[in-house]
């Protein structure tokens, strides 16, 4: 049997199809066969998906961390007596 790697988009599409089939009453064995993967792969995909955050949420969290760091740096500069108008004139 040929081993194949699926992209994240392909996995998402296959899991969406699996959800639709589950709602229609199909069994996991039949769903895995329809997707062209083993039951183990199907369950691994489900487990991986459960712990994964959507890309937009990850990006938002990254931006929030960056924003907090920039605010801390600005506060440190202001406490040290930094003035923006003198820095621009220099």
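The values are calculated or read from the model by the stated rules, or taken from the named source; none is laboratory data. On a predicted model such as this, the values are computed, not experimentally measured, just so you know. Every residue, glycine among them, receives a Cβ derived from its backbone with ideal geometry; neighbour counts consider all protein chains shown.
Please work out if residue 30 is modelled with pLDDT of 90 or more, part of a helix (DSSP H, G or I) and exposed (fewer than 11 other Cβ atoms within 10 Å of the Cβ). So residue 30 fails the test. Scanning segment 1-27 for residues that are under 17 Å from residue 48 (Cβ atoms) and either touching a strand residue (DSSP E or B) at 6+ places or on another chain (Cβ under 7 Å) or assigned to a helix (DSSP H, G or I) (or both) turns up 8, 9, 10, 11, 12, 13, 14, 15, 16, 17, 18, 19.
Of the residues screened, residue 52 is one that is within 22 Å of the chain's Cα centre (by Cα), modelled with pLDDT under 90 and part of a loop (DSSP other than H, G, I, E, B).
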